Amino acid sequence: MSEARRCFCGGFARLKTSCTKDNPERRFWTCYRKKGCGYFDWFDPQMCARSKMIILGLLRIDKADDELKRSRRREKLLRFFIVIDVHIAILSANANQHKGLNGMKTGLELA
């Protein structure tokens, strides 16, 4: 992929991706440790303003697509719970209709 870089503390630097408005999706080198040694160097060249605008627009579209997918998953889950709730209501109504035939309690009443 790319050449290995060493940071100030002697370890191999990690290649990460920026997600800022000024440098969207621009890759950079940084220290491999969590607290780090302060090493930083850009991997990708700086983008022109037009490129930044296009990338930010694509990221917004991607984010909107992700939100739509999450919304559809929530809708499916809600429908599932509504169906389960209706089934429980039907079972409960049936149990109440048959209650008292032998004076015994139904399984739903025991729970």
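Some notes on this structure:
- Counting only residues that are of a type in the set (Asp, Glu), surrounded by 12 or more Cβ atoms within 10 Å (Cβ to Cβ) and over 23 Å from the mean Cα position of the chain (by Cα), region 14-50 holds 1 of them.
- Close contacts from region 74-97, counting a first residue that is surrounded by 10 or more Cβ atoms within 10 Å (Cβ to Cβ) and a second that is modelled with pLDDT of 90 or more and assigned to a helix (DSSP H, G or I), with Cβ to Cβ under 7 Å and a gap of 6+ residues or different chains, come to none at all.
The values are calculated or read from the model by the stated rules, or taken from the named source; none is laboratory data. Not measured: the values here are computed from a predicted model. Reconstructed Cβ throughout: ideal geometry from the backbone, glycine too, with neighbour counts over all protein chains shown.
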